Amino acid sequence: MTNSIEMNKRPRRRNDVVFPIVNTCILILLMFVTLYPVINTLAYSFNDGTDALKGGISLWPRVFSLQSYRSILQDPAVYQAAWISASKTVLITLLNLFWTGMLAYALARREYVLRKLITTMLVLTMYINAGLIPNYLLITKTLHLSKSYWVYIIPTMFSCFNMIVIRTYIVGLPDALVESARIDGAGDIRVYWQIIFPLCTPVLATVALFVAVGSWNSWFDTHLYCASKKNLLTLQYLLKMKLATTQASANAGKATAEALANSNSTKTTPVTIRCAITVISTIPILVVYPFLQKYFVTGMALGSVKG
């Protein structure tokens, strides 16, 4: 009897040792595969443009240089564009969460008679879209938002997809929370802001990250509506134009490997400029993400009715 118990314990002990080792090796491999493109881009951005044309840079700059960053950051328009991008990102995120969250709560209430009809109409807009030209005519000719700061804000204050995500989360919350609050005399606004809103922190943080990343990375709206207004250019659009200018110079023969090899001065090339632009545009999101990452764990309402 004792021998059989010991024989059963040995495979378990072996599995307890083997599995963590294999799991750790796989995770380390995945981490390296994920981080390598980021580190490689960072290395190219800090490398000399002439030397970068030779290729072969992996995890560390071969000839360290800050010229790519200087060529981008020495332009005062970059800071104005960064302010426009940052301000519109914050505004769009807050307004989107406000309107989307409020409507999601209303459509999540079973006593609301028109919730199915309104939800169906909103979902249809995700499948049936008028297209780019009607949207352009609506914003420019009807709403007259062209060449205005509000062209970034008003069309993006609401998202049907985000509303469905938040509504699905609210439906999963216990009904006893709302019922107990209404017994105490709380209205719908008070129920939402004091009970539902705090419990929706995980889903709201996730939606906020999605909205913020989309707003920060957007440049096509600037290209359509504000390209002629220098004080309304976003950072992504301005960096895209800088990259296009650098690429045009390279295509004209000013950045070939032979020409740069004969020059003693440090040059920038489309490769290093592109990598520097990628790093500059990614840093704000990398700074914000750690503060929202902890809210991605759901289940905040588990056990909230107990006691």
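The values are calculated or read from the model by the stated rules, or taken from the named source; none is laboratory data. This is a predicted model, so every value here is computed, not measured. As a convention, Cβ positions derive from the backbone with ideal geometry for all residues, glycine included, and neighbour counts pool all protein chains shown.
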Filter result for residue 203 (without any contact (Cβ under 8 Å) to a residue 60 or more places away in the chain and surrounded by 18 or more Cβ atoms within 10 Å (Cβ to Cβ)): no
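Conditions tested, residue by residue: (1) without any contact (Cβ under 8 Å) to a residue 60 or more places away in the chain; (2) small (Gly, Ala, Ser); (3) under 18 Å from residue 282 (Cα atoms).
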position: 22; (1), (2), (3): yes, no, no
position: 27; (1), (2), (3): yes, no, no
position: 31; (1), (2), (3): yes, no, no
position: 39; (1), (2), (3): yes, no, yes
position: 45; (1), (2), (3): no, yes, yes
position: 49; (1), (2), (3): no, yes, no
position: 54; (1), (2), (3): no, no, no
position: 57; (1), (2), (3): yes, no, no
Breaking point among (1) closer than 30 Å to residue 141 by Cα; (2) within 20 Å of the chain's Cα centre (by Cα), for residue 208: (1)
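Looking only at residues in the stretch 42-65 that are aliphatic (A, V, I, L, M) and in a helix (DSSP H, G or I), which one is modelled with the lowest pLDDT?
52
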Filtered residues of the stretch 141-167 (kept if of a type in the set (S, T, N, Q) and over 25 Å from residue 89 (Cβ atoms)): 142
Count of the stretch 263-287 residues which are modelled with pLDDT of 80 or more and either more than 20 Å from residue 248 (Cα to Cα) or in a loop (DSSP other than H, G, I, E, B) (or both): 9
Checking residue 129 against (1) over 21 Å from the mean Cα position of the chain (by Cα); (2) in a helix (DSSP H, G or I), the condition it does not meet: (2)
Flag for residue 108 being more than 18 Å from residue 221 (Cα to Cα) and either of a type in the set (Ser, Thr, Tyr) or in contact (Cβ under 8 Å) with a residue 60 or more places away in the chain (or both): yes
Flag for residue 81 being surrounded by 17 or more Cβ atoms within 10 Å (Cβ to Cβ), at pLDDT 90 or above and either under 22 Å from residue 277 (Cβ atoms) or hydroxyl-bearing (Ser, Thr, Tyr) (or both): yes
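Hey, which of the helices (runs of 4 or more DSSP H) in the stretch 160-254, taking only ones fully inside, have at least 3 residues that are among the charged types (D, E, K, R)?
175-183
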Long-range neighbours under 6 Å by Cβ, at least six apart or interchain, first residue farther than 21 Å from residue 285 by Cβ within the stretch 235-247, second assigned to a helix (DSSP H, G or I): 246/270; 246/273; 247/270
Of all residues making up the stretch 38-78, the number that are surrounded by fewer than 16 Cβ atoms within 10 Å (Cβ to Cβ), closer than 28 Å to residue 222 by Cβ and not β-branched (Val, Ile, Thr): 7
Residue match in the stretch 162-184 (condition: farther than 24 Å from residue 126 by Cα, under 26 Å from the mean Cα position of the chain (by Cα) and either of a type outside the set (Gly, Ala, Ser) or at pLDDT 85 or above (or both)): no
Residue 147 being touching a residue at least 40 places away in the same chain (Cβ under 8 Å), surrounded by fewer than 16 Cβ atoms within 10 Å (Cβ to Cβ) and basic (Lys, Arg): yes
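Tally the residues that are of a type in the set (Lys, Arg) and outside any helix (DSSP H, G or I), restricting the search to the stretch 91-126.
The number of residues fulfilling the criteria is 2.
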